[in-house]
Amino acid sequence: MSLQDDDSAMATVAEIKAENEALKEADRAAEAQAEAAAEQAKQLAQVTEEVLEELKDMKEGPNPA
């Protein structure tokens, strides 16, 4: 193996390591986005449930005592 081949191999290893780190960072960012989306979906479901309950109460009207 020549010095040029060794340098090329080392450069390839460095490039692969950099790509792996970039992929890990992208994975972390995607995970954070997924968690935020899940939280928003949970909040939306809760608000929707509350609105539906209020609409149901409005439709039924006041109950005579």
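For this structure, a couple of remarks:
- Test: residue in the range 2-9 that is out of contact with any Ser or Thr (no Cβ under 6 Å at 6 or more places or on another chain) and part of a loop (DSSP other than H, G, I, E, B): yes
- Some residue of the range 36-59 being loosely packed, with under 10 Cβ neighbours inside 10 Å, at pLDDT below 95 and outside any helix (DSSP H, G or I): no
The values are calculated or read from the model by the stated rules, or taken from the named source; none is laboratory data. Model, not experiment: these values are computed from the prediction. When we count neighbours, we look across all protein chains shown, and the Cβ atoms used for this are built from the backbone with ideal geometry, even at glycine.
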